[in-house]
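Right, one structure below, let's go through it.
The values are calculated or read from the model by the stated rules, or taken from the named source; none is laboratory data. This structure is a prediction, so every number in the text was calculated from the model and none was measured. So basically every Cβ, Gly included, is an ideal-geometry build from the backbone, and we count neighbours across all protein chains shown. Protein only, heavy atoms only, side chains kept; ligands, DNA and RNA dropped before computing areas. Shrake-Rupley method; radii C 1.70, N 1.55, O 1.52, S 1.80 Å.
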Amino acid sequence: IEARYAKNTNNVEEIAGGASSVALGPSVNGLTVEATNGAALGALVGNAFQRDPATGALLLQAGHPIPETKPRVLGVMAPDWIGGANSTFHVGAVEVTALVDARIGGKVFSTSNMAGATSGTLAETSFRPDTGLLLSGIDVATGKANTQHVSTEAYYHSLAAIQERWVYDASVVKLRDIRFTVALPLRMLPVLSAQSFRMALIGRNLAMWTKAANIDPETALSVSSFQGIEMGQLPTARSVGFQLSITP
């Protein structure tokens, strides 16, 4: 078994010109990827839910969640660590090889989930009671527990201004490659003028384990520092193939 592990720790200590932060790319649906003093490179900056400072309960206005008045760091694009393991097993003429990759930690902002939910196309929006939704939280007007219902449509529309709702844990583990190979000597196939041949069944990206809903958090928006945003990029393709190798 072969294994590998890599970790990068960094912190922005000073920005030229005395600025406290600088954007690494354009704002996307209200979220900006920034170099921010005191945070790792690639901080995801946007609006969080406004909460009661004493209890942490959501503050609601007319039954709807509301954003904080000032954007803040919601996470960092870079993972805590990356690694993988590769192993090969032999049983007679059969060889089995598997490669697993892991990217643990970091955050990703998903515009696909944001658009899908606010347009009502995601499965999570299918709960639409006639009486509306009653969110748990504190009414900012009364200071008491919320008693006002809102429609499912209005609730998800209000979340469009709260980027925190669409920031996910970007941790992902993938079965990157697995192959079953059978190698047969010439004596088993006397009709072929060859020393040996190998048959292999190969599968790539057959399984993925992640906490991020509906997306592949590994998909990259850019190879530069402007990362951590998912904008409908196609997920890693899954494939199965057959390979035949003949040694003359």
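Worth pointing out:
- Residue check, THR88 under 30 Å from VAL172 (Cα atoms) and of a type in the set (S, T, N, Q): yes
- Residues being surrounded by 11 or more Cβ atoms within 10 Å (Cβ to Cβ) and closer than 19 Å to ASP80 by Cβ - total across the range 5-34: 5
- Top-ranked residue of the range 234-248 - restricted to ones that are more than 8 Å from ILE202 (Cα to Cα) and exposed (fewer than 10 other Cβ atoms within 10 Å of the Cβ), ranked as farthest from the chain's Cα centre (by Cα): PRO248
- Filtering the range 66-108 to residues that are open to solvent by less than 30 Å² (accessible area, probe 1.4 Å), over 26 Å from ALA160 (Cα atoms) and of a type in the set (Val, Ile, Thr) leaves only THR97.
- Single match in THR111, THR121 (criterion: hydroxyl-bearing (Ser, Thr, Tyr), closer than 29 Å to LEU44 by Cα and open to solvent by 40 Å² or more (accessible area, probe 1.4 Å)): THR121
- Residues of the range 128-162 that are out of contact with any Leu (no Cβ under 8 Å at 6 or more places or on another chain), assigned to a loop (DSSP other than H, G, I, E, B) and open to solvent by 80 Å² or more (accessible area, probe 1.4 Å): ARG128, ASP130, THR131, LEU134, ALA141, THR142, LYS144.
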